[in-house]
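Below is one structure, written out as structure tokens; the observations come after it.
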Amino acid sequence: MPAPDARHFPFALSEALAPAWERHRSRLFENARAVSDWLVDQVAPQPGDTVLELAAGPGETGFLAAERIGASGLLISTDVGSGMVAAARRGAEASGLANVECRMMDAQDMDLPDHSLDGIICRFGLMIMPDPGRVFSEARRVLRPKRRLAYAVWGSPDRNPWLTALGAAIHRSGHLAHGDPFDRGGVCSLSEPQQNRDLLVQAGFDEIHVEEIAGTMRFDDLDDYWDLQSQVAGALAVLVSALPAAEVTRVRDLLKSILAAHWTGGAYHLPWAAVAVSAA
């Protein structure tokens with residue numbers, strides 16, 4: 001099966017993963033809750049502000065901002081896929097948030113007026129976009145002067161075994177996932193802090209702050225890890241869903257051996273690390 005055209009891959013990925021991301025929304029949010037809190041703190045939303053979330057998925061990070069801006073403010077929760085937007089809308093309704101507008105939007109071409117926003121947040125979405133520099137230029141256009149963009153992307157593979165374990169098992173089984181993780185649109189394509197600084201400066205941002213946020217994800221056993229990662233892990237999840245049963249068993253056996261180093265205290269404890277960035 002040929003790889004999707006890179007220009008359309010984020011849309012295809014969003015649509016394919018939306019049902020699983022909605023099912024696992026709470027765990028996906030809590031696994032890296034510290035990142036969401038950091039992003040919202042950096043933007044520092046005030047009552048009455050208008051805040052945009054890009055690549056929002058089910059929307060939980062943006063909902064933190066919605067709580068701060070109050071009834072007079074507006075959170076615009078966006079994603080490139082209709083399935084994710086619908087999931088975010090259901091999440092906002094379930095949380096009783098009436099100040100959230102959920103809609104489809106390509107972060108590389110923001111359908112918003114100039115200087116109309118008080119903050120922009122994006123958790124783990126920018127690295128899979130074909131042209132992050134264009135996203136930054138659009139962000140600068142729609143932000144009001146001195147207001148902030150805050151986003152997080154995954155760090156280097158050696159700092160993220162929670163993510164690389166499944167990919168390594170798939171690779172060892174003889175299957176190739178979509179693209180190089182360091183190429184444009186890859187999951188590690190923005191893992192270098194200086195690369196982020198350079199792109200932001202080129203787009204006209206300053207007051208750039210970059211730091212690492214790290215933590216550990218806990219999984220009860222192999223089934224617990226597999227049930228989550230094989231459904232939500234981007235292009236890897238799409239690849240796994242197309243494998244015959246015998247190949248799935250082979251990948252799982254390889255995965256168990258790879259995860260063994262992280263088994264302690266009756267569970268897997270897998271480190272993660274994000275590159276967190278904010279700029280004015």
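The values are calculated or read from the model by the stated rules, or taken from the named source; none is laboratory data. Here the structure is a predicted model, which means the values were calculated and not measured. Note: ideal-geometry Cβ built from the backbone for every residue, glycine included; neighbour counts use all protein chains shown. SASA here: full protein model, heavy atoms, side chains in, ligands and nucleic acids out. Shrake-Rupley method; radii C 1.70, N 1.55, O 1.52, S 1.80 Å.
Across region 115-138, which residue is surrounded by the most Cβ atoms within 10 Å (Cβ to Cβ) among those that are under 21 Å from PRO47 (Cα atoms) and more than 17 Å from the chain's Cα centre (by Cα)?
If we take residues in region 115-138 being under 21 Å from PRO47 (Cα atoms) and more than 17 Å from the chain's Cα centre (by Cα), then GLY119 is surrounded by the most Cβ atoms within 10 Å (Cβ to Cβ).
Looking at GLU30, GLU22, which is the one that is over 21 Å from LYS146 (Cβ atoms), free of Cβ contacts under 8 Å to residues at least 60 places away in the same chain and in a helix (DSSP H, G or I)?
The unique qualifying residue is GLU30.
If you scan region 93-109, which residues turn out to be within 19 Å of the chain's Cα centre (by Cα) and either surrounded by fewer than 23 Cβ atoms within 10 Å (Cβ to Cβ) or in a strand (DSSP E or B) (or both)?
Scanning region 93-109 gives CYS102, ARG103, MET104, MET105, ASP106, GLN108, ASP109.
How about region 264-273: which of its residues are open to solvent by 60 Å² or more (accessible area, probe 1.4 Å) and under 26 Å from the mean Cα position of the chain (by Cα)?
HIS269
Give me the pairs: first residue in region 72-83 and closer than 16 Å to GLY119 by Cα, second residue of a type in the set (Asp, Glu) and assigned to a strand (DSSP E or B), beta-carbon distance under 6 Å, and six or more apart or on different chains, which are they?
The qualifying pairs are ILE76/GLU101; SER77/GLU53.
Return the residue satisfying two criteria in turn: it lies in region 166-210 and is exposed (fewer than 14 other Cβ atoms within 10 Å of the Cβ) and of a type in the set (A, V, I, L, M), and of such residues it is farthest from ALA150 (Cα to Cα).
Per the criteria, the residue is LEU176.
Output the residue which, of all residues in region 37-81 that are polar (S, T, N, Q) and either farther than 26 Å from VAL187 by Cα or modelled with pLDDT under 95 (or both), is least open to solvent (accessible area, probe 1.4 Å).
Selected residue: THR50.
Please tell me if ASP131 is among the charged types (D, E, K, R) and free of Cβ contacts under 8 Å to residues at least 24 places away in the same chain.
Answer is no for this residue.
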